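The values are calculated or read from the model by the stated rules, or taken from the named source; none is laboratory data. Predicted, not measured: the structure shown is a model, and the values here were computed from it. Every residue, glycine among them, receives a Cβ derived from its backbone with ideal geometry; neighbour counts consider all protein chains shown. Areas reflect the complete protein model, heavy atoms only, side chains present, ligands, DNA and RNA absent. Shrake-Rupley method; radii C 1.70, N 1.55, O 1.52, S 1.80 Å.
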Amino acid sequence: MTWLAPRLFGLLMAIAAGCFIGWMTGHALRAPWTGSLLGCVLGACAYTLADALPALRFMRWLRGAQDVPAPRDRRFWGEVGYRVERALRLRDRKVEEERQRLAQFLSAIEASPNGVLLLNDHDQIEWCSSMAAEHLGIDKQRDLAQPITNLVRTPAFVAHMQAAQFGEPITIPAPRAGGTLSVIVRPYGEGSKLVLTQDITERTRNEAMRRDFVANVSHEIRTPLTVLAGFVDTLANLPLTEAERKRVMTLMRQQTDRMQSLVGDLLTLAQLEGSPRPPSDRWVPVQELLRRVESDAVSLSGSRHRISVDLEGGPCLLAGNEAELHSAIANLMTNAVRYTPEGGQVEAHWRVRPDGSGEVEVRDTGIGIAREHLPRLTERFYRVDGSRSRETGGTGLGLSIVKHVMQRHGGELQVHSEVGRGSSFKLLFPSTRVRCAVDPDTAEATAAQRTERR
Ligand code: ADP
């Protein structure tokens, strides 16, 4: 009320002054009372006019954008202007703070790998994150206020929105990218909905692969088991001659060998997937590795093939895990022997390329592989000719193991093949894992490592 007293005082003073001047003027004209009454009214009017001018300036400022300071005045309207201006500045600061908080919140949502979409009570898009737009194949600006079911027409999604039973997430094909999406709808407020989208393409693919893998392993194990069970029954129930019994035992041995190699390969794969990357400071002599693989191949071939190993240049070392490197090259050599008819040729070749990378090539003159099979050769249990693979003791996992070993060593596997002419499998190692110069330190270290292992 502190503002009221001076205003009342001012008004009274103006009336009193008007009254006094009116009385004096009226007295001279012999009508003092009329003069004083008129003076009062004129005083009040003068005061009101003097008050209205700053009020008008203040109103003009208030109607504008308030981007200049309020009119300064030491009287009532100056005080009102100052207080209004302060309240506005305070509100502006709060709005700015809220705006910044909202921007931060939105950029956090934008950083999420999941998509977020807000729908109003008519299922029209109110806001959409870039990820949701990408997942659902919509335009986050252009499609604002559009009903979501006009844009995402996947029947499962439309039915889900219409049923309005939003307990469980649904899985739908991604409209644009061709993958798989998980969509969760959560109602909030008064009819609004929060839609969360997640790209589960990779997870779905992995689950399918795991299912296929389990089915394949079960199938691979069931077949020899069934055969073994049959032989056990035969042995138990039929009176066999010694020759027949021996034959049955040999066949049983083949089946157990088959299961053993399958379990062995499965364990190798599991180990490759679960163990840390091979060291880059353990050096394995390439020559020794290839000689060992050669002797394995010779005993597998039983002199049915011409087998040779060609080592270009001086002694070289490969950095990595010796057992894994041996397993990769041995798998290629074994395959070359198994898929090359009698009299054919199998060669292993080591060379250092001009850029310093290393290459192990295993070549054969065998049955070859048709072009359409090449991209799938390293898939687990993929076989071009299943019965030939099984007959020769294959598990369908060999090239998958080779690919894993090469990936772990930062290298790659390249395959070239022609049906009826033969195949060439190349293992390419990065130059960082190849050392060929005769370096006394390396030679000493390798010798020490080998002695340690023994
Ligand atoms: P498998 O144990 O069946 O040999 P791999 O993974 O080693 O399994 O090989 C996958 C398939 O690739 C084989 O089943 C075979 O059909 C084909 N293959 C591999 N190496 C050769 C080769 N040197 N010549 C012809 N075909 C090959």
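How many residues does segment 282-319 contain that are closer than 25 Å to Ser357 by Cα and part of a helix (DSSP H, G or I)?
The qualifying residues number 9.
Could you check Leu266 against (1) open to solvent by 70 Å² or more (accessible area, probe 1.4 Å); (2) within 16 Å of the ligand (Cβ to nearest atom); (3) within 33 Å of the chain's Cα centre (by Cα); (4) not charged (D, E, K, R) and say which number it fails?
Failing condition for Leu266: (1).
For Leu136, state whether it is surrounded by 11 or more Cβ atoms within 10 Å (Cβ to Cβ) and more than 30 Å from Ala5 (Cβ to Cβ).
yes
How many residues, within segment 62-107, are surrounded by 14 or more Cβ atoms within 10 Å (Cβ to Cβ) and touching a helix residue (DSSP H, G or I) at 6+ places or on another chain (Cβ under 8 Å)?
Here the count works out to 12.
Given the structure, is Gly394 within 33 Å of the chain's Cα centre (by Cα), under 21 Å from Leu262 (Cβ atoms) and not basic (Lys, Arg)?
no
Of the residues Ile221, Ile184, Ile172, Ile200, only one is in contact with a strand residue (DSSP E or B) (Cβ under 8 Å, 6 or more places away or on another chain) and in contact (Cβ under 8 Å) with a residue 24 or more places away in the chain; which?
Ile200
I'd like the full set of residues that are part of a strand (DSSP E or B), of a type outside the set (Val, Ile, Thr) and more than 7 Å from the ligand (Cβ to nearest atom), limited to segment 362-391.
Arg363
Tell me, which helices (runs of 4 or more DSSP H) lie completely within segment 1-116 with 1 or more residues that are closer than 30 Å to Pro175 by Cβ?
Numbers: elements: 4-28, 32-63, 76-111.
Result: 76-111.
For segment 343-370, how many residues are more than 14 Å from Gln414 (Cα to Cα) and of a type in the set (Lys, Arg)?
2
Residue by residue, here is whether (1) exposed (fewer than 14 other Cβ atoms within 10 Å of the Cβ); (2) charged (D, E, K, R); (3) out of contact with any Leu (no Cβ under 8 Å at 6 or more places or on another chain); (4) at pLDDT 95 or above holds:
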{"residue": "Lys403", "(1), (2), (3), (4)": "no, yes, no, yes"}
{"residue": "Met406", "(1), (2), (3), (4)": "no, no, no, yes"}
{"residue": "Ser417", "(1), (2), (3), (4)": "no, no, no, yes"}
{"residue": "Pro430", "(1), (2), (3), (4)": "no, no, yes, yes"}
{"residue": "Asp439", "(1), (2), (3), (4)": "yes, yes, yes, no"}
{"residue": "Thr446", "(1), (2), (3), (4)": "no, no, no, no"}
{"residue": "Arg454", "(1), (2), (3), (4)": "yes, yes, yes, no"}
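Tell me, please, whether a residue that is surrounded by 19 or more Cβ atoms within 10 Å (Cβ to Cβ), in contact with a Leu (Cβ under 6 Å, 6 or more places away or on another chain) and part of a helix (DSSP H, G or I) can be found in segment 335-347.
Checking segment 335-347: at least one residue is surrounded by 19 or more Cβ atoms within 10 Å (Cβ to Cβ), in contact with a Leu (Cβ under 6 Å, 6 or more places away or on another chain) and part of a helix (DSSP H, G or I).
Across segment 392-421, what is the number of residues that are part of a helix (DSSP H, G or I) and within 11 Å of the ligand (Cβ to nearest atom)?
6
Can you name the number of the only condition in (1) open to solvent by less than 50 Å² (accessible area, probe 1.4 Å); (2) within 16 Å of the ligand (Cβ to nearest atom) that Leu300 fails?
With (1) open to solvent by less than 50 Å² (accessible area, probe 1.4 Å); (2) within 16 Å of the ligand (Cβ to nearest atom) applied to Leu300, the lone miss is (1).
Quick check on segment 270-281. Is at least one of its residues touching a helix residue (DSSP H, G or I) at 6+ places or on another chain (Cβ under 6 Å) and either surrounded by fewer than 13 Cβ atoms within 10 Å (Cβ to Cβ) or without any contact (Cβ under 8 Å) to a residue 12 or more places away in the chain (or both)?
Quick first cut of segment 270-281, residues touching a helix residue (DSSP H, G or I) at 6+ places or on another chain (Cβ under 6 Å) only: 272, 277-278.
Filter once more, so that each one left must be either surrounded by fewer than 13 Cβ atoms within 10 Å (Cβ to Cβ) or without any contact (Cβ under 8 Å) to a residue 12 or more places away in the chain (or both): 277.
Among the residues of segment 270-281, at least one is touching a helix residue (DSSP H, G or I) at 6+ places or on another chain (Cβ under 6 Å) and either surrounded by fewer than 13 Cβ atoms within 10 Å (Cβ to Cβ) or without any contact (Cβ under 8 Å) to a residue 12 or more places away in the chain (or both), which makes the answer yes.
Output the qualifying pairs, or none if there are none: Cβ atoms under 7 angstrom, residues six or more apart or on different chains, first residue in segment 383-403 and free of Cβ contacts under 8 Å to residues at least 40 places away in the same chain, second residue more than 6 Å from the ligand (Cβ to nearest atom).
So the pair list comes out as Val384/His373; Lys403/Thr378; Lys403/Leu413.
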